[in-house]
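So the structure is just underneath, and the comments pick up after that.
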Amino acid sequence: MRRFCIAGWTWLLALEGLLQLVSCQPFQSDKSDAGLIRNCETIPPYLPPTVTDTSLRLSELRALMVSQNISVYVIPATDPHLTEYIAPRDARRAWITGFTGSAGTAVVSRTKAALWTDSRYWVQAERQMDCNWELNRGETTIVNWIMTETKEGETIGADPFVFSIVEWENYEKPLLQGKRQFVAKENNLVDIIWAAERPPAPTDDIFKIPDEFFGRTWQMKVKEIRTKMEENIYQPTAVLISGLDETAWLFNLRGNDIPYNPFFQSYTLLTADFIRLFVNESRLPADIKANLNTGCNTAECVQLKAYSDIRKNLQEYAKGNVTIWIGQEYTTHGVYGVIPESKLLIDRYSPVQVTKSIKDSTEQKGLKAAHVRDAVAVIRYLVWLEKEVPTGRVTELSGAHYLNNLRREQKFSKGPSFETISGSGLNAALAHYSPNNETDRKLSADEMYLVDSGGQYLDGTTDITRTLHWGTPTTFQKEAYTRVLMGHIDLARSIFPAGTIGDVLDVWARHALWEAGLNYKHGTGHGIGNFLGIHEWPVGIGSGHTSQLYVGMFTSIEPGYYEDNEFGIRIEDIAMVVKAETKHMFGGVPYLTFEHVSLVPYDRKLIDLSIMNKLQIDWLNNYYEKVRKTMSPELQAQNLAEEYNWLQKHTEPFSHSVLVTYSLINLTGVLLGNLLLQGRLL
């Protein structure tokens, strides 16, 4: 009987191997999705329903350009603070093109219009732009395109308040060499033609975060920045704070000006003698003004100035014997241009941006607590998907809405931290795809599903990505997923000296993919705030924004893989930089590692342990033990019995030896299946 059972199981596994071999056939994309892409070669051109008609907008813009003697107008996707996510009233590039991706620049000449964006958004641009626009996929640079479309002596215009210092110079210098003028048009031309249709400026109240969520008062933070000014060898007399998240952090205040980001329109000028907050004063309730000590004029009082007075105030201050310290990442050319170069101290990031990247003990505690509650919402979503996807009733959009609602039920919730990325099948291959009514697809047990989402809570901001499959994934899908997971684990368990630049660690996340000739085109990690931005620099890994890593910093770890028009994979968690236990300490420099803060299991069905090593599997088991110990009491406290039982099942430890044995038997099954297909055993 024992031999019979062994033989039976062997043939069953062989049959499974045969089925896996068959399942390796190339993925056939849904032909109905072909209609989502524009076709400008046909007569008349084919335009999907996701396209915006921009003919009238371009005609009006060109008429305005002619009246101002401008041959080309450049429109980036930024705002006056170079914020990553922008308010609807600042979405000029999206309005003029119809393309809503977060990255990209539009350029309009008298006869042509073109968009430059990175490869993440090429498909989205083809879905949203009409045939007035050409999509440049790197065939030429914007400056070279402008040189081709213009003659010597012609003028190229742009709004200096939506260009960084570096970006402005990247246009101005080569155009000047080409005998073209790059001129500042302080009245944005898109705003003029947008006119009454442009969304209004926000007027709702700015609010204060309860003291329990912060270990430092705003006075303590101001003192900390002033100390950094004193310690700087160049002895700056002032710090200009342009980043919206910086002013919000400094004063422990928040607003609702930008979707998903609790910022408010403002600047701050901080010196040893005064603090000036440039803001719409009518938005500050009496209790906020009292908290900021706005009724006095000492160095510990906040002087309120009109938001629009920033340039005039800087010009006046710069007349003295002063040095103004700025961070060029969030300072526009329009503001920078009024300060004499001899009175500037320029760093990539302001001292406020760098200081807030290291969380104090209260902030650390808050971020961890927020991720526990957030994990409850995500686990509930995964349980719901397992039951509902087979019914055919769940779509990308309905799933995203359901998850957002689950988050809102959690304590201290203030809504999502960004637009949920919910992609099934080929849509998941677009790394930053978010569904709409035209692109919405049903979730299917036969397709991979990627959900990247996050929440804003009074004590922290969250961001997590899970990739799922409810049917039978192909061998390649399992390998790709497992290699993404291996890279995730290798980076998470890496040990490095304090002060290591984040980008140095990027290879850990990619190595397992590189070994198989695979890769991904986005960064591997970004910082995250305490009820602030979902992307908070300069913390990060492989993003080009990164600085040195220190204890108390938080970063995402999010390698991925995307097979065009078939599927997408990303595994993202938030982790905190902590001290590592090492046998030695070279040079007396402490070594660091990561502590995972996200607490949601990965999809067991997609993990192939046969290509993982023991250290990776041990890390996975330790992480699952942490998830179980942390989340079980929370699920019980919220009376979520079904989710509690689901968690016990999905955090069972993996047995390395058993699964390797299974893998060998399964491989035998694949080989037998292959021989059967070739007729060698018939």
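The values are calculated or read from the model by the stated rules, or taken from the named source; none is laboratory data. Given the structure is predicted, the values throughout are model-derived calculations rather than measurements. Virtual Cβ from ideal backbone geometry, glycine too; neighbours counted across all protein chains shown. With ligands, DNA and RNA removed, areas are computed over all heavy atoms of the protein, side chains included. Shrake-Rupley method; radii C 1.70, N 1.55, O 1.52, S 1.80 Å.
Got at least one residue in region 290-302 being of a type in the set (D, E), farther than 23 Å from K228 by Cβ and loosely packed, with under 15 Cβ neighbours inside 10 Å?
No, region 290-302 contains no residue that is of a type in the set (D, E), farther than 23 Å from K228 by Cβ and loosely packed, with under 15 Cβ neighbours inside 10 Å.
Could you grab me the full set of residues in region 625-660 that are of a type in the set (F, W, Y) and farther than 17 Å from V376 by Cβ?
Of everything in region 625-660, just one residue is of a type in the set (F, W, Y) and farther than 17 Å from V376 by Cβ, namely F654.
With respect to Y85, determine if the residue is aromatic (F, W, Y) and surrounded by fewer than 23 Cβ atoms within 10 Å (Cβ to Cβ).
Against the criterion (aromatic (F, W, Y) and surrounded by fewer than 23 Cβ atoms within 10 Å (Cβ to Cβ)), Y85 qualifies.
Say whether the condition of being free of Cβ contacts under 8 Å to residues at least 60 places away in the same chain, crowded, with 19+ Cβ neighbours inside 10 Å and touching a Pro at 6+ places or on another chain (Cβ under 7 Å) is met by at least one residue in region 378-398.
So far as region 378-398 goes, yes, one or more of its residues are free of Cβ contacts under 8 Å to residues at least 60 places away in the same chain, crowded, with 19+ Cβ neighbours inside 10 Å and touching a Pro at 6+ places or on another chain (Cβ under 7 Å).
Do you know which of the residues in region 579-633 that are closer than 17 Å to K649 by Cβ and of a type in the set (D, E, K, R) is surrounded by the most Cβ atoms within 10 Å (Cβ to Cβ)?
D603
Name the residue that is nearest to L458 (Cα to Cα), counting only residues in region 371-404 that are in a loop (DSSP other than H, G, I, E, B) and of a type outside the set (K, R).
V394
Restricting attention to region 427-467, which residues are open to solvent by 20 Å² or more (accessible area, probe 1.4 Å) and either closer than 18 Å to Y520 by Cβ or not small (G, A, S) (or both)?
L430, H432, N436, N437, E438, D440, R441, K442, D446, E447, L458
Filter region 322-337 down to residues that are outside any strand (DSSP E or B) and not hydroxyl-bearing (S, T, Y), then give me how many there are.
Of the residues in that region, 7 qualify.
Looking at this structure, is A77 free of Cβ contacts under 8 Å to residues at least 12 places away in the same chain, in contact with a helix residue (DSSP H, G or I) (Cβ under 9 Å, 6 or more places away or on another chain) and not basic (K, R)?
No, not satisfied.
Restricted to region 554-569, and to residues that are surrounded by fewer than 24 Cβ atoms within 10 Å (Cβ to Cβ) and in contact with a Ser or Thr (Cβ under 7 Å, 6 or more places away or on another chain), which residue is modelled with the highest pLDDT?
Among those that are surrounded by fewer than 24 Cβ atoms within 10 Å (Cβ to Cβ) and in contact with a Ser or Thr (Cβ under 7 Å, 6 or more places away or on another chain), it is E566.
Looking at region 199-210, is at least one residue of a type outside the set (V, I, T), over 27 Å from A77 (Cα atoms) and loosely packed, with under 14 Cβ neighbours inside 10 Å?
Within region 199-210 (the criterion being of a type outside the set (V, I, T), over 27 Å from A77 (Cα atoms) and loosely packed, with under 14 Cβ neighbours inside 10 Å), the answer is yes, since at least one residue qualifies.
Among the listed residues D118, D159, identify the single one that is at pLDDT below 95 and not basic (K, R).
Step by step, each of D118, D159 is checked, and only D118 is at pLDDT below 95 and not basic (K, R).
Identify, from the list K368, K312, K319, K289, the residue that is out of contact with any Phe, Trp or Tyr (no Cβ under 8 Å at 6 or more places or on another chain), assigned to a loop (DSSP other than H, G, I, E, B) and at pLDDT 95 or above.
Among K368, K312, K319, K289, only K319 is out of contact with any Phe, Trp or Tyr (no Cβ under 8 Å at 6 or more places or on another chain), assigned to a loop (DSSP other than H, G, I, E, B) and at pLDDT 95 or above.
Conditions: (1) modelled with pLDDT of 95 or more; (2) out of contact with any strand residue (DSSP E or B) (no Cβ under 9 Å at 6 or more places or on another chain); (3) among the hydrophobic types (A, V, I, L, M, F, W, C); (4) under 19 Å from P49 (Cβ atoms). V123 meets all but one. Number of the miss?
All conditions pass for V123, except number (1).
Within region 475-514, can you find the residues that are open to solvent by 10 Å² or more (accessible area, probe 1.4 Å) and not in a helix (DSSP H, G or I)?
Within region 475-514, R493, I495, P497, A498, G499, T500, I501 qualify.
Got a number for residues in region 623-658 being aliphatic (A, V, I, L, M) and farther than 13 Å from P601 by Cβ?
4
Anything in region 167-198 that is free of Cβ contacts under 8 Å to residues at least 40 places away in the same chain and either hydroxyl-bearing (S, T, Y) or open to solvent by less than 30 Å² (accessible area, probe 1.4 Å) (or both)? List them, or say none.
The answer is L175, G178, R180, F182.
Just to be sure I understand the filter: pairs with C-beta atoms under 6 Å, separated by 6 or more residues or on different chains, first member in region 508-527 and under 10 Å from G542 (Cα atoms) and in contact (Cβ under 8 Å) with a residue 12 or more places away in the chain, second member outside any loop (DSSP other than H, G, I, E, B) and among the hydrophobic types (A, V, I, L, M, F, W, C). Which pairs pass?
Taking only residues 6 or more apart or on different chains, the pairs are A509/L491; T524/A509; T524/I541; G525/I541; G525/I557.
Give just the number: which of (1) under 18 Å from N405 (Cβ atoms); (2) touching a Gly at 6+ places or on another chain (Cβ under 7 Å); (3) in a loop (DSSP other than H, G, I, E, B) does Q456 not satisfy?
Only one criterion is unmet by Q456, namely (3).
Look at region 462-474 and say how many of its residues are among the hydroxyl-bearing types (S, T, Y) and part of a loop (DSSP other than H, G, I, E, B).
Of the residues in region 462-474, 3 are among the hydroxyl-bearing types (S, T, Y) and part of a loop (DSSP other than H, G, I, E, B).
Sort out which residues of region 532-544 are over 24 Å from P590 (Cα atoms) and open to solvent by 10 Å² or more (accessible area, probe 1.4 Å), and write them in order of number.
H535, S543, G544
If I ask for residues that are under 26 Å from the mean Cα position of the chain (by Cα), open to solvent by less than 10 Å² (accessible area, probe 1.4 Å) and of a type outside the set (V, I, T), which ones from region 330-350 would you list?
S350
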